[in-house]
Each structure stands twice: as structure tokens, then as C-alpha cells.
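Peer 1: If you scroll down you'll find the structure; I have some questions about it.
The values are calculated or read from the model by the stated rules, or taken from the named source; none is laboratory data. This is a predicted model, so every value here is computed, not measured. Cβ placement follows ideal geometry from the backbone for every residue including glycine, while neighbour counts extend to all protein chains displayed.
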Amino acid sequence: MITRRSLAAFAAGSLLLPASLRAQDAAAVAMPAAGERPWVKDVPQIRLGLLGGENEADRLGRFGDYAKLIESTFKVPARLYPAADYAGVMQAFAAKQIEASSMGASGYAGTWLDTDGGVEPLVVPREQDGSIAYVSVLIVRRDSGIISLDQMRGKSLAWADPNSTSGYLIPRSELRGAGIDINNYFSRTGFAGGHEQAVVAVQQGQYDGAVTWASGQGDEAEGYSRGNLRSMVDKGMLKMSDMRIIWKSRPIPNGPLVVRSDLPAAFKADFKQFHLALPTAHPAIYEQIEKGGGKGYAEVTHEMFDPIVQLRREEAAERRRRS
């Protein structure tokens with residue numbers, strides 16, 4: 001089965017950077033010198049899409065200093081465009097209404113398919129151990145008495161977003177691969193409207209469980225080192241002592257920073273350098289936009305996401321079979 005082969009390749013370690021890159025000090029990359037660039041005639045402003053899944057005020061707050069730094073570095077306006085959901089950013093790319101956005105692997109793969117290669121990845125976040133992978137987790141209330149995936153039979157499950165990798169694509173694929181008939185195993189499933197909303201739905205008893213994303217590294221009691229759980233803990237929205245994680249996926253490729261393919265090569269090079277230098281030059285801004293700390297960024301190419309593209313195709317075929 002192609003899905004299992006693809007994920008097995010990730011689990012075997014293909015998401016770990018070569019040792020030479022893991023050991024590379026991000027400080028070796030200098031922040032681009034401030035000043036107007038020749039590409040300004042083709043990119044008079046940098047419009048940045050912000051994925052849904054977190055309330056708009058928090059998203060704008062987290063990315064405000066980031067946008068100001070882009071403006072002061074490249075001397076062009078930087079505009080933030082928060083989307084209601086993942087599809088909003090995907091559609092904005094297709095309509096050429098934005099230049100860049102951080103995306104999940106599934107959202108990137110779907111946009112790449114929808115635009116016939118009209119987007120490309122520049123970098124992905126590195127975790128604390130230098131890897132470029134994270135996990136999907138299934139979380140329930142601790143007082144629910146549910147301690148295993150087996151006990152989710154007949155219970156309700158919230159997905160985060162249909163274009164989320166960890167909040168939909170990967171858990172569905174892995175559960176099917178484990179022989180679970182999703183349509184009959186759970187009493188019901190539904191979309192919560194984002195990762196944050198999915199966890200809130202469990203807190204409020206609207207669903208028994210939800211899937212969301214976490215680095216899988218660091219202290220679980222603090223929501224790990226990075227991810228939606230950590231962000232909610234830091235904002236005072238979540239106490240991990242009230243929740244229980246009963247399932248984790250295999251490693252998933254971290255979502256990339258994505259730009260339109262038709263933008264000038266010089267812009268892409270400058271934008272990539274900006275992000276490679278950001279963690280050491282402006283660590284507070286880096287931690288804000290990445291929902292916690294890590295080891296900076298790593299350069300990537302589209303080939304890393306080929307298995308996710310294949311999973312998107314399989315999921316589309318499954319939907320056609322069900323309809």
C-alpha cells in the first residue's frame with residue numbers, strides 16, 4: 001500500500017537532517033542587509049497569509065513584529081492576511097493574492113496540486129534535536145476515563161481542518177492502516193475549525209477526543225517544546241494535567257514556508273536568508289511565529305513532500321469512492 005510505504009520511509013529516518021546540517025550553527029547565516037532590492041518592481045509588497053486554527057487577534061499579535069522586521073529589512077510593505085481556515089490561504093495562493101505563508105505539509109501539497117506547481121517550499125522549522133519532523137496526537141479529557149485508542153470506539157472525534165496534515169490527513173491514513181474503519185469506529189467525526197478549536201471542543205465536552213499537532217519533544221506536561229498544545233498552555237487556555245494523550249502518529253514532515261513559484265529568484269533567495277538568520281538575529285520573533293523554540297530552519301525542496309502529495313491524491317480518491 002503506497003500510503004504505508006510513504007509513511008514508513010519517514011519513520012525510518014528520512015526526516016532527520018544529515019549530521020552536518022544538524023550541527024550547523026544558525027548564527028553562520030547573516031541577516032540580509034537592510035535596503036531596497038531590485039526585485040521591488042516585481043514584488044512591491046509582501047503579502048503574508050496566516051493559517052486559521054487560532055483566533056485572529058492572537059495570530060496578528062504573534063506575527064506583528066515579524067511583519068515589521070520584514071518591512072524594515074526589505075523596505076517594502078508587509079501585509080498580514082489571516083484566513084478563516086487552511087483553504088483560505090490555499091485559495092489566496094491560487095489567486096496570487098499572497099506572496100508567502102507558512103503552511104502544513106498537507107496544505108502545501110494541496111496547493112501545489114491545485115496550482116500545478118505554482119508554489120514552492122523554502123525552509124522548514126527544525127526541532128530541538130535537529131530533526132524536521134513532528135507528530136499528530138489524539139487528546140482526551142483526563143476525567144473521561146479514556147486511556148487508549150481502543151476505548152475511543154463508539155466515541156466522537158474532532159478533526160482540526162480538512163487541509164491539516166496532523167489534524168486530518170495523517171491520523172486518517174494511520175488509523176485506516178491500522179485496520180480501523182473510521183466511518184463506523186467512531187460515533188461521529190467532525191471538523192472543529194482549527195487546532196485550537198478542536199482542543200477547546202474536547203475541553204467543553206462537545207467531542208470526546210481531538211487530533212492536533214505537537215513537536216513530540218520536551219515535557220508533555222507543558223505541551224511539549226512547540227506546537228498547538230504548548231501555545232495553548234502558554235496562553236493560559238489549557239492545563240495538560242486536565243488532558244490525556246492516548247495516541248501519537250509516526251513522524252510527519254514539518255510544514256514549510258511557502259512562496260509562489262513565479263516570484264523572482266532574487267526575492268526567494270533574500271526571503272530564505274532572512275528566515276535562516278531569524279532565530280539567532282531575532283530569537284523572540286522566531287519563537288513567536290513558531291509557537292515555541294527549536295533549532296532554527298533548514299532548507300528544503302519539493303521532493304521532501306512527494307509522499308504527502310501522494311497521500312493527498314489517495315485521500316481525494318477515497319472521497320470519490322465514498323460519494
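Peer 1: Residue by residue through segment 124-163, note down the ones that are part of a loop (DSSP other than H, G, I, E, B) and either of a type in the set (D, E, K, R) or modelled with pLDDT under 95 (or both).
Peer 2: Arg126, Glu127, Gln128, Asp129, Gly130, Ser131, Ile132, Arg153, Lys155, Asp161, Pro162, Asn163
Peer 1: How many of the residues making up segment 146-182 are more than 23 Å from Gly104 (Cβ to Cβ) and either surrounded by 22 or more Cβ atoms within 10 Å (Cβ to Cβ) or not charged (D, E, K, R) (or both)?
Peer 2: So the answer is 8.
Peer 1: Against the conditions (1) assigned by TED's automatic domain parsing to the domain that holds Arg312; (2) out of contact with any Pro (no Cβ under 7 Å at 6 or more places or on another chain); (3) in contact (Cβ under 8 Å) with a residue 12 or more places away in the chain, where does Ile245 fall short? Just the number, please.
Peer 2: So the condition that Ile245 fails would be (1).
Peer 1: Follow-up. Against the definition (more than 15 Å from the chain's Cα centre (by Cα) and at positive phi), how does Gly218 come out, yes or no?
Peer 2: Answer is yes for this residue.
Peer 1: What tally of residues in segment 19-46 results from selecting those that are at pLDDT 95 or above, surrounded by 10 or more Cβ atoms within 10 Å (Cβ to Cβ) and of a type in the set (Lys, Arg)?
Peer 2: Selection size over segment 19-46: 1.
Peer 1: Can you name the residue in segment 217-248 that is among the small types (Gly, Ala, Ser) and touching a helix residue (DSSP H, G or I) at 6+ places or on another chain (Cβ under 9 Å) and, of all such residues, is surrounded by the most Cβ atoms within 10 Å (Cβ to Cβ)? Give the steps one after another, and end with the answer.
Peer 2: Taking segment 217-248 and keeping what is among the small types (Gly, Ala, Ser), we get 218, 221, 223, 225, 227, 231, 236, 241.
Of the ones still in play, those that are also touching a helix residue (DSSP H, G or I) at 6+ places or on another chain (Cβ under 9 Å) are 218, 221, 223, 227, 231, 241.
Numbers: Gly218: 18, Ala221: 10, Gly223: 24, Gly227: 26, Ser231: 21, Ser241: 8.
Ranking the candidates gives Gly227 first.
Peer 1: Could you tell me whether segment 133-146 includes any residue that is closer than 25 Å to Phe305 by Cα, free of Cβ contacts under 8 Å to residues at least 60 places away in the same chain, in contact with a Leu (Cβ under 9 Å, 6 or more places away or on another chain) and not assigned by TED's automatic domain parsing to the domain that holds Thr111?
Peer 2: no
Peer 1: Moving to a separate point now. Could you check, for segment 95-103, whether at least one of its residues is closer than 30 Å to Asp181 by Cα, of a type outside the set (Val, Ile, Thr), crowded, with 18+ Cβ neighbours inside 10 Å and touching a residue at least 40 places away in the same chain (Cβ under 8 Å)? Working first, answer last.
Peer 2: Taking segment 95-103 first, the residues closer than 30 Å to Asp181 by Cα are 103.
Going one step further and asking which of them are of a type outside the set (Val, Ile, Thr), we end up with 103.
Next, only the ones that are crowded, with 18+ Cβ neighbours inside 10 Å stay: 103.
This time we only want the ones that are touching a residue at least 40 places away in the same chain (Cβ under 8 Å), so: 103.
Yes, that holds for at least one residue.
Peer 1: Taking the residues in segment 283-323 that are touching a residue at least 60 places away in the same chain (Cβ under 8 Å) and among the small types (Gly, Ala, Ser) as candidates, determine which candidate is nearest to Asp65 (Cα to Cα).
Peer 2: Ranking the candidates gives Ala284 first.
Peer 1: Any idea how many residues of segment 179-197 are closer than 28 Å to Pro256 by Cα and out of contact with any Phe, Trp or Tyr (no Cβ under 8 Å at 6 or more places or on another chain)?
Peer 2: 4
Peer 1: Is it true that some residue in segment 267-287 is assigned by TED's automatic domain parsing to the domain that holds Gly52, touching a Phe, Trp or Tyr at 6+ places or on another chain (Cβ under 6 Å) and surrounded by fewer than 18 Cβ atoms within 10 Å (Cβ to Cβ)?
Peer 2: No: segment 267-287 contains no residue that is assigned by TED's automatic domain parsing to the domain that holds Gly52, touching a Phe, Trp or Tyr at 6+ places or on another chain (Cβ under 6 Å) and surrounded by fewer than 18 Cβ atoms within 10 Å (Cβ to Cβ).
Peer 1: Quick one: which of Leu80, Leu60, Leu16 is in contact with a strand residue (DSSP E or B) (Cβ under 7 Å, 6 or more places away or on another chain) and at pLDDT below 95?
Peer 2: The unique qualifying residue is Leu60.
Peer 1: Separate question: Please report, ordered by residue number, the strands (runs of 3 or more DSSP E) entirely within segment 33-116 with at least 1 residues that are more than 21 Å from the chain's Cα centre (by Cα).
Peer 2: 78-82
Peer 1: Out of all the residues in segment 200-216, is one or more under 24 Å from Gly49 (Cα atoms), at pLDDT below 95 and either outside the structural domain of Tyr168 (by TED's automatic domain parsing) or surrounded by fewer than 20 Cβ atoms within 10 Å (Cβ to Cβ) (or both)?
Peer 2: No, every residue in segment 200-216 fails to be under 24 Å from Gly49 (Cα atoms), at pLDDT below 95 and either outside the structural domain of Tyr168 (by TED's automatic domain parsing) or surrounded by fewer than 20 Cβ atoms within 10 Å (Cβ to Cβ) (or both).
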